[in-house]
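The values are calculated or read from the model by the stated rules, or taken from the named source; none is laboratory data. Not measured: the values here are computed from a predicted model. Quick reminder, even Gly has a Cβ in these numbers, built from the backbone with ideal geometry, and neighbours come from all protein chains shown.
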C-alpha cells in the first residue's frame, strides 16, 4: 500500500485529514494540527487544504443599509459552509479605508460592513477570503491620477460603464493596490484575498498609456503594435509580454499578502472556466497552477451549446495541472446565470443542482453565490442547503482521490492563441468539445492532458487524442512520436502539427510520418481560402469497402462488388455506405501501407429536391486514415468530424469518434456501461476503494438550459476493470443508500444500478 511520506499509510492519513477537515471548520484559525503517533510529530493542515464548502454574498452599493447579518449567519450554518468570501475593497470599500480615493458607497456611512461580516464569520469558525475587484475606479480617482488608467490609441481613457479601467503597468497596481491589501489584512486578518478582475484588459484591447509604451519598449525594444496582427512578431511579443505581466502581478500580490498576513495568507486571482476565456485574459493556467495551493474557479454556468459535463471536464483539467490533492472551489450562482442573466431571479433548482453535481464528479468544491443581500425571489435560498448537507456527509469520498482513465485528450493554450487567433472557439474549442462529448456519450473515461505534460504522462495512457492541436513546438511533436513508438495509440484530427508554436505554417504535418500522409497545406481550419474542399453544406463521406450490394434495399445493378469486411472502426455502419459530413478537409497523398476507410464526396445541391443527387459520387480524397507506427496504432482524421459533432450533434459522428478510441486503445478501457440515457462516468481510486460517479445528463440533452425537470434513467449494467491487485467485496450507493450484488470475472466486476435521477456515486471496497 502506498505510504504517505510521514510514514502513516495513506488510508489512515486520509481518514485523519477528513476528520480534521470537519473539526477545523469550527476553529476560526487558518490552519490546524494533527499528531502523527508514528513519528511523534505534528503536521499543519492549512485552510486551503481543508475548506470544502464556500459561500459568497456579493455586496451591492445599497446593501449596507439592508444587510441582515444574523439571518445570513444562520444560512451559513444551515448550508454547512466552511469558508466565506466577503466584499472588502476595489471598486467600493466596504470598510472605513484610510485612503480617500478608495470609494465608499453612500449607504455605508461610517459603518464597517466588511469588518462586521469578517468578525462574525471568524466567530462562527469560518475561513474568510476578502474579495477585491481591482481593475476599475470612480471618476474622482481618475481625476487625481489620470496617468494610472488605460488609454486607447487616440489617448482617450478606456471606460467600463461609469468606471475608468486601471492599467496593470501603472502605479495603481504597483503601489496603490498593495497598500489596500496590507490595510485589509492588518485590519481583519482574513485567511486570504481573492480578486475578481485582477488581470485587467483582455487581448481585444491594446492599452497605449505611457506606462505600457515605456515598459513594452524596455522589454522588447519595439513600439506597441497598432492593431491585431498575429503574423507580426511585435504583436506576438505583446501577447507573451502580457502573459508575463499577469504572472508578475500574481507573484507580487502573494508577496504582499504573505508579508502582511503570514505564509498561509494567499492572494488568489479568479480564473475562468474555459481555456479560451483564460487566453483572452492572458492567464496562463499551467503557470498559475504551478504557483497555487488552491484555485478559485469563476465558472458559473453552462452555455446553450454545452452540457453539465463541461463542469466535470474543467475540474479534471485543472487538477491535471494543480494536482489531485489540492482543492478547486467554484462560484455557483443561485440566481439565473446564462442567456439571459437575471441577477435577482432564482435559477431553477434542477439546473443549479446538476451544475454542482457535475462539478463534484470532476473534483470541484461547491461555493454558493448570491448577488445582493436581499431578494424578493426567495426560492434561491433553498437550493444550496440539501446538496451541501449531502456533500458534508460524503465529503471524504469527494477529495484526495486519483482518477482512473486510459484516454488522454490533449489541449494547449499555445494552440488556442497562435492557431486559434481571432476565432479560437471554432478552430480550437469546437474540435475539443466534439471529441470529449463523443467520449462522454460512449461512457469512456478520459482526462485532459496539457501538451507540455505528454512526456511525463505518456505511461499513464493507452490513447492520446489531439483534436486539431495544430500549433505544436518540435519538442511536443517529439513527445507524441515517442508515445506512439512505445506502443501508445494516437488519434489526430484536422490540422494537428501543421503549424509551429507561433502558428506559422510548416511545409507539411510535423507528424506526417505517423499519419502516413504527405502534402499538408495550411488553410487554418474553416476559412474560405480555397485551399481545402467542402463548403460546410451538402457533403458526405464514403465508407470503404462498400456493402450495399448485400444490404436490404432496392438494387439497380451497378452496386460495386463486396471486396472485404469492414474495419472495426466502422462498427455500427453495416447498412450504410455513406456518412453525412458537412465539414471541410484538404486533398492529401497517402502512403502505400495505410488504410483509408473514408473518402470525400463533394457538395451537390439540396434544393430543389429534384436536384439532390451526387454529381461526383467517388473521389480518392481521404477522410480517415489508419496507420501503424512502431508498436502504436494511429488514426488521422483530415475531415473535421470532431468539430462537426460539436456543432451538429449527429450521432454517426460521435459513434465514429468513439470507435476510433476503442480501436486505438487495444481494449484497454476500464469501464463498460449498457443502458439507456446520456451519462457521464468518472472513475477514481482512493485509499483501498474504487469510486464511480454516474451523472445523469439526459435532462440536459432533452431541455435547453436551464433544465427545470430531471428525467430518471436505469437500469444500467456496469462492467468495471479492477486495477492491478485490486478487489471489491462490497458495493454501496452513496446517493440512494442501496447496496447491490457484485459479480466477479477474472479482473472485472459487474453490477447493476437500478435507477439514477440526477447522480449516483458507487463505492466499491
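Matching residues to (1) touching a strand residue (DSSP E or B) at 6+ places or on another chain (Cβ under 9 Å); (2) in the same structural domain as residue 516 (by TED's automatic domain parsing); (3) modelled with pLDDT of 90 or more; (4) closer than 25 Å to residue 514 by Cβ:
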site: 550; (1), (2), (3), (4): no, yes, no, no
site: 563; (1), (2), (3), (4): no, yes, no, no
site: 569; (1), (2), (3), (4): yes, yes, yes, yes
site: 576; (1), (2), (3), (4): yes, yes, yes, no
site: 579; (1), (2), (3), (4): yes, yes, yes, yes
site: 590; (1), (2), (3), (4): yes, yes, yes, yes
site: 607; (1), (2), (3), (4): no, yes, no, no
site: 610; (1), (2), (3), (4): no, yes, yes, no
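Which condition breaks for residue 395 when tested against (1) surrounded by fewer than 23 Cβ atoms within 10 Å (Cβ to Cβ); (2) in contact with a helix residue (DSSP H, G or I) (Cβ under 8 Å, 6 or more places away or on another chain); (3) under 17 Å from residue 295 (Cβ atoms)?
(3)
Return yes or no: is residue 456 without any contact (Cβ under 8 Å) to a residue 24 or more places away in the chain, over 15 Å from the mean Cα position of the chain (by Cα), farther than 20 Å from residue 642 by Cα and part of a helix (DSSP H, G or I)?
yes
Return the residue satisfying two criteria in turn: it lies in segment 203-230 and is closer than 20 Å to residue 503 by Cβ and without any contact (Cβ under 8 Å) to a residue 60 or more places away in the chain, and of such residues it is farthest from the chain's Cα centre (by Cα).
222
Condition check ((1) farther than 30 Å from residue 142 by Cα; (2) more than 33 Å from the chain's Cα centre (by Cα); (3) not in a loop (DSSP other than H, G, I, E, B)) across all residues:
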site: 84; (1), (2), (3): yes, no, yes
site: 88; (1), (2), (3): no, no, yes
site: 93; (1), (2), (3): no, no, no
site: 101; (1), (2), (3): no, yes, no
site: 107; (1), (2), (3): no, yes, yes
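Considering each residue of segment 629-653, count those that are out of contact with any strand residue (DSSP E or B) (no Cβ under 6 Å at 6 or more places or on another chain) and assigned to a helix (DSSP H, G or I), and give that number.
Here the count works out to 9.
Of the residues 634, 594, 661, only one is surrounded by fewer than 20 Cβ atoms within 10 Å (Cβ to Cβ) and at pLDDT 90 or above; which?
Answer to the check: 594.
Taking segment 263-280 as the region of interest, how many residues are in a loop (DSSP other than H, G, I, E, B) and touching a helix residue (DSSP H, G or I) at 6+ places or on another chain (Cβ under 9 Å)?
Within segment 263-280, residues that are in a loop (DSSP other than H, G, I, E, B) and touching a helix residue (DSSP H, G or I) at 6+ places or on another chain (Cβ under 9 Å) number 4.
When residue 677 is evaluated against the numbered criteria (1) in the same structural domain as residue 589 (by TED's automatic domain parsing); (2) touching a helix residue (DSSP H, G or I) at 6+ places or on another chain (Cβ under 7 Å); (3) closer than 24 Å to residue 716 by Cα, which criterion, by number, is the only one it fails?
(1)
Kindly indicate whether residue 507 is in a loop (DSSP other than H, G, I, E, B), closer than 26 Å to residue 653 by Cβ and either modelled with pLDDT of 90 or more or under 25 Å from the mean Cα position of the chain (by Cα) (or both).
So residue 507 fails the test.
Here are the criteria: (1) more than 17 Å from the chain's Cα centre (by Cα); (2) crowded, with 24+ Cβ neighbours inside 10 Å; (3) under 27 Å from residue 463 (Cβ atoms). Tell me which single one residue 363 does not satisfy.
Residue 363 satisfies all of (1) more than 17 Å from the chain's Cα centre (by Cα); (2) crowded, with 24+ Cβ neighbours inside 10 Å; (3) under 27 Å from residue 463 (Cβ atoms) except (1).
Quick one: would you say residue 682 is surrounded by fewer than 20 Cβ atoms within 10 Å (Cβ to Cβ) and either more than 26 Å from the chain's Cα centre (by Cα) or not in a loop (DSSP other than H, G, I, E, B) (or both)?
no
When you scan segment 705-750 for strands (runs of 3 or more DSSP E) that lie fully inside it, which ones turn up with 2 or more residues that are within 32 Å of the chain's Cα centre (by Cα)?
Hits in segment 705-750: 716-721, 731-733.
Kindly provide the set of residues from segment 140-166 that are in a helix (DSSP H, G or I), loosely packed, with under 13 Cβ neighbours inside 10 Å and free of Cβ contacts under 8 Å to residues at least 40 places away in the same chain, ordered by number.
Selection gives 140, 143, 146.
Exactly one condition in (1) farther than 24 Å from residue 289 by Cα; (2) surrounded by fewer than 21 Cβ atoms within 10 Å (Cβ to Cβ) is not met by residue 324; state its number.
Going through (1) farther than 24 Å from residue 289 by Cα; (2) surrounded by fewer than 21 Cβ atoms within 10 Å (Cβ to Cβ) one by one, residue 324 breaks only (1).
Inspect all residues belonging to segment 225-245 and state whether any of them is surrounded by 17 or more Cβ atoms within 10 Å (Cβ to Cβ), closer than 19 Å to residue 179 by Cα and out of contact with any helix residue (DSSP H, G or I) (no Cβ under 6 Å at 6 or more places or on another chain).
Looking through segment 225-245, none of the residues is surrounded by 17 or more Cβ atoms within 10 Å (Cβ to Cβ), closer than 19 Å to residue 179 by Cα and out of contact with any helix residue (DSSP H, G or I) (no Cβ under 6 Å at 6 or more places or on another chain).
Here are the criteria: (1) at negative phi; (2) modelled with pLDDT of 95 or more; (3) surrounded by fewer than 20 Cβ atoms within 10 Å (Cβ to Cβ). Tell me which single one residue 675 does not satisfy.
(1)
I'm trying to understand the selection: among the residues of segment 158-190, which are modelled with pLDDT of 95 or more and on the phi > 0 side of the Ramachandran plot?
The one that is modelled with pLDDT of 95 or more and on the phi > 0 side of the Ramachandran plot: 189.
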